[in-house]
Amino acid sequence: MFLWYIKWPWMHAVPGRLRNPLLVLLRLTAICLLAGAAAGYFSQMLVHFKLIPDPGPTVLDPNAVSKFQFFMGAVLIAPILEELIFRAQLKRFSGMLLFISFICGALLSAILKTYWAFLVSPVIFGILFMVYRFTIAGSVTRKFVFWKRVYPWHFHLTAICFALLHLANFQKGLDLLPFGLLYTLPQLAIGLVLGFTRIFYGLRYSIALHALYNLFFVTALFIQQ
């Protein structure tokens, strides 16, 4: 179902109460781990065979803060914030407009290296909303057809943006572009699984899955130390 879905995503009604939510989460976690490991291995092979430059060191240093702070940031705060930004809007047209506006502001801020560039986001949202209000919103049929055509692209755009966000894990950051997505293939794979989870099971399940995935790697990182 997952592989079929990501080929051409569609809107899906969230089911009612699941009979065994823990089993569902465990299965989704297994898919996340397998997808992330496969994508990570492929990315490492690209670097190993010098098909793309070495990305250099990461900035993820659990010794920079206390273990408790690192754990809370990775397992609690990051999953909640990232799911609210990247996945919550997948079922709301107005949320999609907000997300696109936010991403434009974030991209401009990264390029100009100033947070003032985020001021462009409300302007972009206003323009997009006015276009939507006077061209699509007046007709249920037009809205449905437009959403059906745009949604698959938006679903994948969300996963790509989620992956590129994690270029911040590297010291070189945006300097890794235009190969940036090849360094964050694990996050791209995970973003697709989380998007699938959000659509089929709801936002709370995507948050829980994200937290479980991060918990696995945080635990592994602590064991290695």
Net +/- balance of residues flanking Pro21 in space, Cβ distance below 13 Å, scoring K and R +1, D and E -1: +4
For Val65, Val140, which order do you get if you count the other beta carbons within 10 Å of each Cβ and list the fewest first? Val140, Val65
Distance in nm between Lys67 and Asn20 label points, each 7 Å along Cα→Cβ, equals 3.4
Sorted from fewest to most neighbouring beta carbons within 10 Å, what does the list Phe86, Phe2 look like? Phe2, Phe86
With a Förster radius of 30 Å, plug the Cβ-Cβ distance of Leu215 and Ala38 into 1/(1 + (r/R0)^6) and report the FRET value to the nearest 0.05. 0.90
Using the count of nearby Cβ atoms within 10 Å as a rough guide to exposure, how do Val47, Val145 rank from fewest to most? Val145, Val47
What whole-number value in cubic angstrom gives the convex hull volume per residue for the C-alpha atoms of the chain? 145
If amide H atoms are modeled at 1.01 Å from N in the peptide plane, then the residues at a separation of 5 or more from Phe170, or on another chain, having amide H under 5 Å from its own are Val59
In the chain, which whole DSSP H runs stretch at least 24 Å along their own axis (Cα) and average 0.0 or higher on the Kyte-Doolittle scale? 21-48, 93-112, 140-165, 203-224
Counting other C-beta atoms within 10 Å, and keeping those with at most 16, which DSSP coil trypsin sites (Lys or Arg not before Pro) do you find in the stretch 27-109? Lys50, Arg92
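Quick note: the coordinates plus some simple rules give every number you see, no bench work behind them. Bear in mind the structure is a predicted one, so any value in this text is a computation, not a measurement. Note that each Cβ is placed from the backbone with ideal geometry, even for glycine, and that neighbours are counted across all protein chains shown.
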